[in-house]
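A short worksheet on the structure shown next.
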Amino acid sequence: MFDEQFLKKVKEHERRWREEYTRRHGEKEFKATTFSGIPIKPVYTPTDIDDIDYDEIAMPGEFPYTRGAYPLVHQAHRWATQFPQGLALPETTRERYELLRKQGLEGYPGMEPPLFVGTDMPSMLGYDPDHPLSKGRIGITMPNLCTVKEMETLASGLPLDKINYICAAFDTIMINLGQYVVVAEEQGIPREKLYGTCINYWYRQMYMEQPSFRAESTLRFNTDLVKYCTEHMPNFNTMSFSFWDIIECGGNSVQELAFMLSAIIAISESCVNAGIDPDRFLPRFAFHLSAHNDFFESIASIRALRKMWAKIARDRFGCKNPRAMKAIMQIHTAGSTFTRQQPLNNLIRGSIQTLAAILAGGNSIWTVHFDDALAAPTAQAQILGLRTQQIIRYETGVPNVSDPLAGSYYLEWLTDKVEEEATALLKKIEGMGGWTKCVETGWYRREIELEANKWRESVDKGETTVVGVNKFVEDEEEQKIPVQQYEDVEKIVIERIQRFREERDTAKTNEALARLREAAERVEGGELEGKLVPAAIEAVKAKATLGEMMDIFKETFGWVMY
Amino acid sequence: MDAGMEVVYSLYTYPEEVAAVAVEEGVDVIGISFLSFGQLTDTPKIMELLKEKGMTDVLVIVGGIIRDGDIPKLLEMGVARVFQQGASMTQIVDYINEQTA
């Protein structure tokens, strides 16, 4: 990257630095590693980045988009302040959404604030609230959305054609998406005009100990979803790839990139094989990354992912559409770094991680609430997450310059290094048979568990510091903070679903469920024509419950633990 | 084998399964981790089933995301000890060794 004369001058400075270093510290080494275990030096200079081709860095908005998807990053495309609002019941969730709107929640330019709602654990796993496995778990993490009636309570009356709906739903994605489509169309907004993102996490057995559809079947199921949305819901992101989850479950930044890219490659190949044009479906893939404790490695891995993805889309899938090569990113601060002990410390962790997310050019950002290690957020905790972003946006001047850390010898070196290591790991995965094989053998999870265990041991030994947990410990009684709690949620939700079933025309529901089964079986048989989403929408309209529909999916696509 | 103990692992499952596995394997300790709640409904059920099966001397410990207010309730149900978020592996292993010595 630099000419010989310049490098000569640099080396002269390095030599002088070494002299001064030796005078002060002798032969003592100051060794450190990044969160991923990459060894780092105490200082970086132009010689460390000399062999990087400047085309790899380029300008913001220019291939390979290392510095951002657009020529301007935050100046013209403000990041969306994207916080999940899910709490207990759809009505309490709606209340929280309205409250955050009043406090200045912002969507993308021209859009209303995003409606970001997942479902509780029973709903995510496809059990109705009166199923025995749901007991004691209803409405704890997020609301239970078991019927279209609950979705009406959540979303009706909102300007749904101007809202990004982030639908966190695992394998029930077609059902919750179906409920949303039905509610939108009831108020006259056609599905073609809906914006949002499906958070389906079909690949979650890479890191999460939770059953899912069989690996091969989930690729068919989700390819059918992509097929349908590409044709009929062109503004809806068909899936979000949660690199973040890999970090949360104990993986490192290199694993984060390589593992999740292998999943993206698997579903993309499946879609291409089904005859869907990558220039049309890849722009609707969303990327969800982590800003965690290692400040610079978080930023480096976000920048590295942007260029890795651009090259994969162009070179591997032959994309011509630049939008298909741009990884648009939700950055999420790392709840796993938040502690139950001294919970107010989490505000500081969240602020630093949010700054990393903004410096790295996140397109939407979620600052995790400081009481994350305790429960679903109180209003105050969530508002403080929002204020963190508002203070950085409006007071610090940070968003005035695109990718302001570019050119940092350390950051550019680290970006390149993370890419190099992740590329090598991705190659290794492909050599082992790719995503399907590696998920079926449980390889990913074992690798992540080893990494998590390593971290746990180093915290237990005090080699890794967690302030307030293994260092600077205080009396816990003095740190109590209010915790969000709701009463009677389970009773209310069970009564509602029972009334819902009593009041419906069961013959009609059963007919729709039979058609859903038929459509599911055709998908499992390899007919990927995008007919399963409309069958799900019809079943929702005929008042089928989430549990009833998921039972059919589980019977057809399997429900397995690898 | 972990920390010198033989570990039988079972996932997101019914209280009946937990009790059945415990009996079948003749375990000394049952550790139940709750990450998305269920501790106040599943734990009493498990304790009752263990009692029915005559496994009264098994050590039951609970961990995961457990609210402070739930601890006295769990202890009342017969849980020996609750480990909240941030508990170290060493703490848990030492406690088990001490109790089963």
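What follows is calculated from the coordinates using simple rules that are stated; it is not laboratory data. Please read these numbers as outputs of a predicted model, since none were measured by experiment. Backbone-built Cβ (ideal geometry, glycine too); neighbour counts: all protein chains shown.
Taking only the alpha carbons of the stretch A:143-266, we obtain Rg and Dmax values of 15.5, 46 Å in that order.
List the relative contact order of chain A as a percent without decimals, with contacts defined as Cα pairs under 8 Å and 6+ residues apart. Mind dumping the intermediate values first?
On the way: 1024 pairs, mean separation 108.5, N = 562.
Value for chain A: 19 percent.
Which trypsin sites (Lys or Arg not before Pro) in the stretch A:253-339 sit in a loop by DSSP (not H, G, I, E or B) and have at most 16 other Cβ atoms within 10 Å of their own Cβ? Before the final figure, lay out the partial values.
Values: sites: A:Arg280, A:Arg284, A:Arg303, A:Arg306, A:Lys307, A:Lys311, A:Arg314, A:Arg316, A:Lys320, A:Arg323, A:Lys326; in loops: A:Lys320, A:Lys326.
Answer in residue order: A:Lys320.
The convex hull drawn around the Cα atoms of the stretch A:355-485, when projected onto a plane and averaged over every direction, covers 12.6 nm².
Helical runs assigned H by DSSP (4 residues or longer) give chain A a calculated mean residue ellipticity at 222 nm of -15500 deg cm²/dmol, each run adding -39500 (n - 2.57) before division by the residue total.
Footprinting exposure proxy ranking of A:Cys146, A:Cys249, A:Cys167, A:Cys198, fewest other C-beta atoms within 10 angstrom first, gives A:Cys249, A:Cys167, A:Cys198, A:Cys146. Here the 3J(HN,Hα) profile of the stretch A:212-227, calculated from phi with Karplus coefficients 6.51, -1.76 and 1.60 at θ = phi - 60°, is 8, 4, 4, 3, 5, 5, 5, 5, 5, 4, 7, 5, 5, 4, 4, 4 Hz, Gly and Pro shown as x.
Legend: mean number of C-beta atoms from other chains within 10 angstrom of residue C-beta atoms, peptide B:29-37, equals 3.
Taking every pair of Cα atoms in the stretch A:475-519, average 1/r, invert it to obtain the Kirkwood radius, and report Rg/Rh to two decimals.
1.44
Largest first, the three principal axis extents of the alpha carbons in the protein assembly as shown are 83, 65, 50 Å in whole numbers. Distances between placed amide hydrogens fall under 5 Å for A:Met329 paired with A:Asn363, A:Ser364, all partners being 5 or more residues away or on another chain. Between helix A:253-273 and chain A there is an angle of about 50 degrees, using the helix long axis and the longest principal axis of the Cα atoms.
Rounded, prolate or oblate: pick one for the stretch A:243-302, where a ≥ b ≥ c are the square roots of the eigenvalues of its C-alpha gyration tensor, a/c under 1.5 means rounded, and failing that, prolate if a/b is larger than b/c, else oblate.
Working: a/c = 3.45, a/b = 2.35, b/c = 1.47.
It is prolate, given that a/c is not under 1.5 and a/b is the larger ratio.
Taken along its three principal axes, the alpha carbon spread of the stretch B:1-99 comes to 32, 31, 23 Å, from the longest extent down to the shortest. For A:Gly118, the amide hydrogen comes within under 5 Å of the amide hydrogens of A:Gln85, A:Gly86, A:Ala168, counting only partners 5 or more places away or on other chains and with H modelled in the peptide plane.
With the contact rule set at Cα under 8 Å and sequence spacing of 6 or more, what percent relative contact order holds for the stretch A:1-50?
Working: 24 pairs, mean separation 23.2, N = 50.
About 46 percent, as a whole number.
Among A:Trp17, A:Trp413, the ranking by other beta carbons within 10 Å of each residue's beta carbon, starting with the fewest, stands as A:Trp17, A:Trp413.
Specify the angular offset, from 0 to 90 degrees and rounded to the nearest 10, of the alpha carbon long axis of helix A:546-557 from the longest principal axis of the alpha carbons in chain A. Approximately 70 degrees, to the nearest 10.
Can you list the HN-Hα couplings for the stretch A:399-413, worked out from phi with the Karplus curve (6.51, -1.76, 1.60; θ = phi - 60°), rounded to whole Hz and with x for Gly and Pro? Using θ = phi - 60°, the values come out as x, 6, 10, 6, 6, x, 8, 4, x, 5, 4, 5, 5, 5, 4 Hz.
How big is D, in µm² s⁻¹, for the stretch B:25-71 by Stokes-Einstein at 10 °C and 1.306 mPa s if Rh is the Kirkwood radius over C-alpha pairs?
Values: Rh = 11.4 Å.
Using the Kirkwood radius from Cα pairs, D works out to 139 µm²/s.
Which whole-number percent gives the relative contact order of the stretch A:15-124, counting Cα pairs below 8 Å spaced six or more residues apart?
Values: 96 pairs, mean separation 16.4, N = 110.
Answer for the stretch A:15-124 is 15 percent.
Counting only Cα atoms, the stretch A:76-116 measures 36, 15, 12 Å along its principal axes, largest extent leading. Of interest is the spacing of the C-alpha centroids, which for the stretch A:222-289 and the stretch B:47-101 amounts to 41 Å. Using only the alpha-carbon atoms, how far is helix A:90-102 inclined from the longest principal axis of chain A? Give it as 0 to 90 degrees, nearest 10. The angle comes out near 40 degrees.
For the residues A:Asp128, B:Asp42, what sequence is obtained by ranking on other C-beta atoms within 10 Å, fewest first? Mind dumping the intermediate values first?
Details: A:Asp128 24, B:Asp42 21.
Ordered from fewest to most neighbouring Cβ atoms within 10 Å, A:Asp128, B:Asp42 come out as B:Asp42, A:Asp128.
Over chain B, dividing the summed -39,500 (n - 2.57) contributions of all DSSP H runs of at least 4 residues by the number of residues returns a 222 nm mean residue ellipticity of -13000 deg cm²/dmol. Summarising the amide proton neighbourhood of B:Ser88: residues at separation of 5 or more, or on other chains, whose placed amide H is nearer than 5 Å comprise an empty set. Note on the stretch A:1-135: Cα-only Rg and Dmax are 26.2, 75 Å.
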